[in-house]
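Here is the structure we will look at.
The values are calculated or read from the model by the stated rules, or taken from the named source; none is laboratory data. Quick caveat, the model's predicted, so the values are computed rather than measured. Please note: Cβ atoms are built from the backbone with ideal geometry, for glycine as well, and neighbour counts cover all protein chains shown. Accessible surface areas use protein heavy atoms only, side chains included; no ligands, DNA or RNA. Shrake-Rupley method; radii C 1.70, N 1.55, O 1.52, S 1.80 Å.
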Amino acid sequence: MTDELNPTDSSTTAAFEKLMAGTAADDRYVLRLYITGMTPRSTEAFATIKALCEQRLQGRYELEVIDIYQHPQLAIDEQIIAVPTLVKLLPAPLRRLVGDLSNVERVLLGLDLRRKS
Amino acid sequence: MTHTNQLTEIDALRLRLEEAEETIRAIRSGAVDAFVVEESHGARVYTLETADRPYRLLVEEMQQGALTLSNKGTIAYSNRCFAGLVGQPSERLVGVDFRNFIPLDAQPIFETLLQQGRAGASQGEIHVHDAAGTLVPVFLTFNALPPDSGPAIGLLVTDLTTQRYHEKVNGLLEALKEADRRKNEFLAMLSHELRSPLAPISNALQLLGLLKGNETPIQQQARNIIERQLGHLRRLVDDLLEVSRITTGRVQLHRERISISGIVYGAVETVRPLLEERHHELDLSVPSEPIWLYADAGRLEQVVANLLTNAAKYTEEKGRIWLTVGIEWQEPSGEWRVASGEKNHTLDSSSCISSSPLTTHHSPLATPFVVIRVRDTGVGIAPALLPLVFDLFTQAERTLDRSQGGLGIGLALVQRLTELHGGKVEAYSVLGQGSEFVVRLPVIPDENLLALPPIIATIPPSRSLRVLVVDDNIDTAQSFALLLKASGHEVRTAHDGPAAMQAALDYQPDVMVLDIGLPMLNGFEVAKQIRQLPVLKNIVMVALTGYGQEADRQVSRQAGFDHHLVKPACIEQLQQILTTVTAQQT
């Protein structure tokens, strides 16, 4: 399925289980949230993601909030088209979530914190 | 390319595709606030209504005028606040010259501010015409806006009316405070000045009293009148002095363990002449068990006496006054529990002195208070006046004659002295039916402490002493001299500093009574010099001054004085000192 299932891995079983669990307990998360100023959607998105991170990723995440008014070029570099957008830089693979970020299920899925059924 | 790598690539492509679909879905469903677009000169953000709304609301609803002006001063946008100030709908203001709202004489200032604003930023005060044409003071803040939105200037308009009002009120408040301070100073000085002549008058009166046997009836009557009126005058002056002390916070309580009953009886004795004169009946009820307070006996007696005097004054002749003392317990909830032994007065209760035991049901956490109630059947207090009764110089408009007139400071004193003791006073009244004043004071909770009643020493007649009386007020000096001579002492007088020094050396007195405010060489200086002369080392020096604060006493001790008497000193105080001097000498 992915390159995490490497046959050279000393413990294929362990790697497989790790994959099935959705995420490893020691994976470091680097997230970036792109918003516009002070819209209700921005504040809601931030609140949801912050709470989620504290709950699931305490002590092993970085969350950076970027206002595209202030730094439009950053958004272009990151290939952001519309905001709010949440970017998961680490762990790979890179993922972008656009639009309604107040939906916890959706964010969990997008961050690979829950396996797809 | 390995099989694994191909799989990874397909996976990544699938993710990108999902993202693209998601983005389109989000845009279609209106779940985004803005787009970032790369244009030839860089990135640019296009916001949707949802993103702009908060800013629009902020500017539209803020309580300051916010406008954009063209470089020429024409309004391009005005928020609700400024539109409200000038009384026009916002849309009608578009295209209007801002100068239309400014009086002619302020135009040059506006031009300067606008010009500086175009260049960067500027601020200044100006007036604008409001909806009614009234000139309103405003503070203008100009700042040039970024050129990409076309040449424009942002303008904030702050209405200064409220601020001006507060400034004015503060100014008035300061002026009032200053006036109040001056008034207090004046009162302090006035009462001080009024007191000085009282001492010699009082002394002269006592001298006349020595002639009691040889007086004609007219002389006796006249002397009695002077005596009564002098007493009245002294009380007024004392009250006045007291008020100025209290308002300037210079009251020192000499607190000790005292029983409330002694206070009450003392106060009743003080007011008895007035009660008798007005033929009032006093119904006195004091608990049989002693109630102990940590209080200044003299001050507390003043509180009760003032309440009684007040009741007597405002009750028609042959009225009835109740003075009830009891214990009430305040629960932590603030609720009051009344001792059940307390008598419940009714208007037809017989005139008597009664005492009752104190029993009450209260929680262990309750705090005991002694409660002094003074009730009368007098004219009562109008509801409008009731909240003001404890203010200085407040007096009811009396239907009674002003024979018992006062300064309107008795109740103010009651309140301030009660509060100084950690207590509280309240007034209740029904106009035409009488008033009730309730004083609550904290009780010493430890009931096991034994009280030692103060020992009052009887004064034996003194041996003849040589006394030098120094006062620049000739009447004061002479009246003291005459009184001391009448008690068998040898007396000389002097009226200024150098003369006092000379007289001390010539006469070598046992006791020297020295006024502090002497001409040329003041009392302190005289005392210091005398203390340096070996021949006069045994002289007993008594300071006579208008200042009785602890700090004043300390200064006179440092100057070498043995005793400190506050004017108007009565002859008894001086006699007492002379007696101790005699006792030490023998």
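Out of segment B:49-79, which residues are polar (S, T, N, Q) and exposed (fewer than 14 other Cβ atoms within 10 Å of the Cβ)? The one that is polar (S, T, N, Q) and exposed (fewer than 14 other Cβ atoms within 10 Å of the Cβ): B:Gln63.
Hey, any hits in segment B:161-171 for a residue that's out of contact with any Pro (no Cβ under 7 Å at 6 or more places or on another chain), aromatic (Phe, Trp, Tyr) and exposed (fewer than 11 other Cβ atoms within 10 Å of the Cβ)? Looking through segment B:161-171, at least one residue is out of contact with any Pro (no Cβ under 7 Å at 6 or more places or on another chain), aromatic (Phe, Trp, Tyr) and exposed (fewer than 11 other Cβ atoms within 10 Å of the Cβ).
The requirement of being modelled with pLDDT of 80 or more and away from every other protein chain (no Cβ under 14 Å) is fulfilled nowhere in segment A:69-78; no residue meets it.
Evaluating B:Ala20 against the criteria (1) outside the structural domain of B:Phe139 (by TED's automatic domain parsing); (2) open to solvent by 60 Å² or more (accessible area, probe 1.4 Å) leaves one unmet condition, (2). Here B:Val32, B:Val45 are screened, and the one residue that is out of contact with any Ser or Thr (no Cβ under 6 Å at 6 or more places or on another chain) and at pLDDT 85 or above is B:Val32.
Scanning segment A:42-62 for residues that are within 16 Å of A:Val104 (Cβ to Cβ), within 14 Å of another protein chain (Cβ to nearest Cβ) and open to solvent by less than 60 Å² (accessible area, probe 1.4 Å) yields A:Ala45, A:Thr48. Given the condition in contact with a helix residue (DSSP H, G or I) (Cβ under 8 Å, 6 or more places away or on another chain), surrounded by 10 or more Cβ atoms within 10 Å (Cβ to Cβ), of a type outside the set (Phe, Trp, Tyr) and part of a loop (DSSP other than H, G, I, E, B), answer yes or no: does some residue in segment B:129-146 qualify? Scanning segment B:129-146, I find at least one residue that is in contact with a helix residue (DSSP H, G or I) (Cβ under 8 Å, 6 or more places away or on another chain), surrounded by 10 or more Cβ atoms within 10 Å (Cβ to Cβ), of a type outside the set (Phe, Trp, Tyr) and part of a loop (DSSP other than H, G, I, E, B), so the answer is yes. Restricting B:Ala20, B:Ala51, B:Ala12, B:Ala26 to those that are more than 28 Å from A:Thr36 (Cβ to Cβ), part of a helix (DSSP H, G or I) and within 14 Å of chain A (Cβ to nearest Cβ) reduces the list to B:Ala12. Of all residues assigned to segment A:93-100, at least one qualifies as being outside any strand (DSSP E or B), within 7 Å of chain B (Cβ to nearest Cβ) and under 21 Å from B:Ser29 (Cβ atoms).
When restricted to residues that are away from chain B (no Cβ under 14 Å), in contact with a helix residue (DSSP H, G or I) (Cβ under 9 Å, 6 or more places away or on another chain) and either more than 30 Å from B:Asp52 (Cβ to Cβ) or at pLDDT below 80 (or both), segment A:26-40 contains 1.
Is one or more of the residues making up segment B:268-277 in contact with a Leu (Cβ under 6 Å, 6 or more places away or on another chain), open to solvent by less than 80 Å² (accessible area, probe 1.4 Å) and within 24 Å of B:Ser191 (Cα to Cα)? Yes: segment B:268-277 contains one or more residues that are in contact with a Leu (Cβ under 6 Å, 6 or more places away or on another chain), open to solvent by less than 80 Å² (accessible area, probe 1.4 Å) and within 24 Å of B:Ser191 (Cα to Cα). Whether any residue in segment B:81-91 is modelled with pLDDT of 85 or more, open to solvent by 70 Å² or more (accessible area, probe 1.4 Å) and not polar (S, T, N, Q) is what I want to check. Looking for residues that are modelled with pLDDT of 85 or more, open to solvent by 70 Å² or more (accessible area, probe 1.4 Å) and not polar (S, T, N, Q), one finds none in segment B:81-91, hence no.
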